[in-house]
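Structure first, commentary second.
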């Protein structure tokens, strides 16, 4: 239930600035020069894709647990789990940006139907990952402002898409990991 006495914050400018900056920075990483030896300051970057998959796994699990918590009407637990999902997503972004800013992209080496499946998963993952940034932030803003009906309405789209993005991030890693 919405609380008319609660101070409402306008998160929209922050949401749109963050959305544009995050997607823009991720896109820009593909155009900067890369490390020739796969290291940065002598640190091997090849562990970062595995770390990305781990962060995506935790995000998926936090989101799934948050969905269960809200179905049981446990709002405080739901809120903590959603914040945890945002934290692991943030850590994923840092790791992802570091890797893709410094290391060359890895090409998928499989053949046949698996190659088609991989590229379908990858393409939908990329498109929906870009879309989930503003969706998740808007949903969070509505929740923090206790705009319950608006939060529920957008969360019906955000939750399954974010679950898909985090799960397919892990699948992409599993499918391409033999080729790193």
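Computed values, structure above
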quantity: Any hit, the stretch 108-128, residues being in contact with a strand residue (DSSP E or B) (Cβ under 6 Å, 6 or more places away or on another chain) and surrounded by 13 or more Cβ atoms within 10 Å (Cβ to Cβ); calculated: no
quantity: Residues that are more than 13 Å from the chain's Cα centre (by Cα) and either modelled with pLDDT under 95 or surrounded by 14 or more Cβ atoms within 10 Å (Cβ to Cβ) (or both), drawn from the stretch 57-71; calculated: 64, 65, 66, 67, 69, 70
quantity: Test: residue in the stretch 72-81 that is surrounded by 14 or more Cβ atoms within 10 Å (Cβ to Cβ) and under 25 Å from residue 31 (Cα atoms); calculated: no
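Let's see how each residue does on (1) surrounded by 12 or more Cβ atoms within 10 Å (Cβ to Cβ); (2) at pLDDT 75 or above; (3) within 14 Å of residue 93 (Cβ to Cβ):
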| residue | (1), (2), (3) |
| --- | --- |
| 3 | no, no, no |
| 6 | no, no, no |
| 15 | yes, yes, no |
| 19 | yes, yes, yes |
| 55 | yes, yes, yes |
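The values are calculated or read from the model by the stated rules, or taken from the named source; none is laboratory data. Fair warning: this is a prediction, and the values are worked out from it, not measured in the lab. Reconstructed Cβ throughout: ideal geometry from the backbone, glycine too, with neighbour counts over all protein chains shown.
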